[in-house]
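The values are calculated or read from the model by the stated rules, or taken from the named source; none is laboratory data. Everything numeric in this text was worked out from a predicted model, so none of it was measured. For neighbour counting, all protein chains shown are included, and Cβ atoms are generated from backbone atoms with ideal geometry for every residue, glycine included. Just so you know, the surface numbers come from the protein's heavy atoms only, side chains and all, with ligands and any DNA or RNA stripped out. Shrake-Rupley method; radii C 1.70, N 1.55, O 1.52, S 1.80 Å.
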Amino acid sequence: MKTLTIAASSLRRLFRERSNIFFIFVLPIVLILVLGLVFGSGFTSRVALIAPDNDELAGDITVSISTSTAFETIPADDVEDARARLRRNEIDAVIVIPDDYGESLLAGDNAEIAYYSTPSSGGFVVRSVVEAAIAEQAAVIRAGRFAADATDADPATALDTAQLVQGSIAAIGVETEGGVSGGSGNQFDLGAAQQLLLFMFLTALTSSTALIQSRRLGVSHRMLSTPTSAGAIVGGETLGRFLIVMLQGVFIVVAAGVLFDVEWGDPVAATLVVMTFALTGTGAGMLLGSLFSSEQQAGGFAIFGALMLAALGGSMVPLEIFPDTMVTVAHFTPHAWGNDAFATLIRHGGGVTDIATELAVLTAYGLALIALSSVVFRRRLTH
Amino acid sequence: MADAVLECSGLHKVYGDLVAVDDVGFSIAAGETYGLLGPNGAGKTTTISMIAGLLDNDGGTAVVSGNVITTKSTAAKAAIGLVPQDLAIYPDLTARENLQFFGKLYGIKGTLNERVDEILDIIELSDRADDLTKEYSGGMKRRLNIGIGLIHKPDLLILDEPTVGVDPQSRNAILENVERLGAEGMAVLYTTHYMEEAERLCDRVGIIDEGSIIAEGTRRDLVAMVGERDRLHLELSGDASVVEGSVSAIDGVDSCSAAGSALEVVAVSASRALPEVILAVNDAGLDVHSVQITEPDLESVFLHLTGKALRE
Ligand SMILES: Nc1ncnc2c1ncn2[C@@H]1O[C@H](COP(=O)(O)OP(=O)(O)OP(=O)(O)O)[C@@H](O)[C@H]1O
Ligand SMILES: [Mg+2]
């Protein structure tokens, strides 16, 4: 009960400072938006493009897709091999232009471009580039067909004519022909997960300053002079911080889902990742708040530490592009485990059992840090 | 003392090589105000912290309302109201919220809101109750700091230098409140290095220096203990040396010395000696122009005991 009173006062004090609302709720969402728009997932997607060799229309669309700067196109020959690489996450999407592509289109049939991806970030960008290329070509083809129908000319000749007059005919309503199939990636997904972890930890660490303030002001001591046990005080402060970080985590998850269609994967599993990560952040924040005596020092250290850990743990640059040794180092940070967990949930549609290791590591980190900080905080209180 | 609210003995606290508190013991009865008077660093706050169960002691016991107090004796702390030396209030909460917060920690349930209003009234902050305390003046913060310690009507109120940095008006209000609480039957432990406050408020005073209580008792006891006498300084209408002999002979006068028209008299009690001194002066055909009486105070007691002033 007193634990709740103390936790509630932490929340009340935090939100009394209006700027905290900006830093905790608004800024992360703005950053997810900006970074998602600018970088997609924060790195260039790699797309394998398989196209028939001597097909003029296929050649055209290959050129317009591969000149896109939104992703890197890797030529490939074998569909199965490319899809296997996709499953291993070595590439982000596979585009297959069928062998009879030009033939079908010229015959007035629809051709379907196959598009494979895991539900990865950047998929959205790749897909929209392919769609745009198809739309562009479809306009030309429609115009060609129109010309052929009208003039009884050979469609291939008419197409040449149409390409010449394309500019003026492109205004005809164009439907995208050629289906796009495959996964439903979103450029914000993994970026959002990275930002989520970065900000939760940042909030957890910076909230240590309020703890130091309570101690410095003697309010913590005064709590101990009331019929409230040291355990309840430590518990209340810990719970308050945990609730703040959870509140932020849940808000970011929901807001990014609603605003940017971010898919977080299995909801139960995602909630567990947020909870265990919040636990770890809380423990780290409590430890910082117990060890430091000056708010300025702790605040500076919190921001520096949170950004360092985020960078090291793959919350700025994805772990995929880390060299192997760095990946090992990265896994000393809770962020790496959180990012791994979200990658499994978001990209591979994993569930709780698939991220059991990550959850266990984060929980262990959290409990160990909270235990350690409780000891330090209690000592500080009564000595 | 059977009805002692606080009884402590042998309190001891060591910081490294420094013995901050050394074998401190005293007791306070209900309705009694006890002063711990001592200079900066004497060990007042450290002593109080052990009594209030904030600090693990290195020896000794403190019993409040029949319960031994340690940092872990949670329930027993309900009998104590502590007003710390440094303001211990949340600056980003209002006075009302601060009072409610600590009221809940003191375990006040149904009557909390009424009690908060009562306290706001006592500390005269009702009209500013819903402003953030960081916008308060120093005196207002001090008053709230005290109010929090009273919220649960403790048996023992501990005030650690509550008037430091307070304007004279707030200071007077604080002292009046403490006097009233004592009169209402609360046991009060009051630390200060202001001799006047100790003299005005406290039924008994413990003089503490370098971690030890070096003297204890009522103001009179303390003064008598060191044999200090009242001093009378008289300005006469003529040469004072003519009355030197007759004044010295007055019962209760220790010594008398003349310097021009000034007469210095040292007596056991100024009030008892003064009428006879004036008679002796008049008998010699002189008038008394002015009299100044200096009673020995705790300041001079402290000076006598330690060889140093209470405040540097
Ligand atoms: N946490 C601590 N660590 C080390 N020394 C301490 C600590 N707290 C107090 N002391 C020392 O113990 C001695 C007594 O300090 P205390 O605060 O009890 O004095 P005080 O009588 O309350 O003084 P003041 O009138 O200045 O408040 C001082 O010498 C002080 O430096
Ligand atoms: Mg002190």
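Summary of computed values
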quantity: Test: B:Ile207 is touching a Phe, Trp or Tyr at 6+ places or on another chain (Cβ under 8 Å), within 14 Å of chain A (Cβ to nearest Cβ) and either over 20 Å from B:Asp117 (Cβ atoms) or more than 16 Å from ligand 2 (Cβ to nearest atom) (or both); calculated: no
quantity: Residue among B:Ile278, B:Ile250 that alone is outside the structural domain of B:Glu196 (by TED's automatic domain parsing), outside any strand (DSSP E or B), over 29 Å from B:Gly38 (Cα atoms) and touching an Asp or Glu at 6+ places or on another chain (Cβ under 6 Å); calculated: B:Ile250
quantity: B:Arg142 modelled with pLDDT of 90 or more, within 16 Å of ligand 1 (Cβ to nearest atom) and more than 13 Å from chain A (Cβ to nearest Cβ); calculated: yes
quantity: All positions within region B:105-132 that are surrounded by fewer than 22 Cβ atoms within 10 Å (Cβ to Cβ), of a type in the set (Ser, Thr, Tyr) and over 18 Å from B:Ile174 (Cα atoms); calculated: B:Thr111
quantity: Near pairs, Cβ below 6 angstrom, 6+ apart or cross-chain, from region A:312-341 (buried (at least 24 other Cβ atoms within 10 Å of the Cβ)) to any residue that is assigned to a loop (DSSP other than H, G, I, E, B); calculated: A:Gly313/A:Thr333; A:His335/A:Gly313; A:His335/A:Ser315; A:Ala336/A:Gly313; A:Ala336/A:Gly314; A:Asn339/A:Gly314
quantity: Which listed residue is away from chain A (no Cβ under 14 Å), under 30 Å from B:Glu216 (Cα atoms), of a type in the set (A, V, I, L, M) and within 16 Å of ligand 1 (Cβ to nearest atom), from B:Ala173, B:Ala198, B:Ala183, B:Ala187; calculated: B:Ala198
quantity: Those residues of region B:35-76 which are touching a helix residue (DSSP H, G or I) at 6+ places or on another chain (Cβ under 6 Å) and within 16 Å of ligand 1 (Cβ to nearest atom), in sequence order; calculated: B:Gly35, B:Leu36, B:Leu37, B:Gly38, B:Ala52, B:Gly53, B:Leu54, B:Leu55, B:Asp56, B:Asn57, B:Ala62, B:Thr71
quantity: Residue under evaluation B:Pro168, criteria (1) away from ligand 1 (no atom under 16 Å from the Cβ); (2) buried (at least 21 other Cβ atoms within 10 Å of the Cβ), criterion not met; calculated: (2)
quantity: Hits in region B:207-232 (condition: under 26 Å from B:Ala259 (Cβ atoms), open to solvent by 50 Å² or more (accessible area, probe 1.4 Å) and in contact with an Asp or Glu (Cβ under 8 Å, 6 or more places away or on another chain)); calculated: B:Arg229, B:Arg231
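Here's the yes/no breakdown for (1) closer than 14 Å to A:Ser207 by Cα; (2) part of a helix (DSSP H, G or I); (3) modelled with pLDDT under 95:
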{"position": "A:Met246", "(1), (2), (3)": "yes, yes, no"}
{"position": "A:Gly265", "(1), (2), (3)": "no, no, yes"}
{"position": "A:Phe277", "(1), (2), (3)": "no, yes, no"}
{"position": "A:Gln296", "(1), (2), (3)": "yes, yes, yes"}
{"position": "A:Phe342", "(1), (2), (3)": "no, yes, yes"}
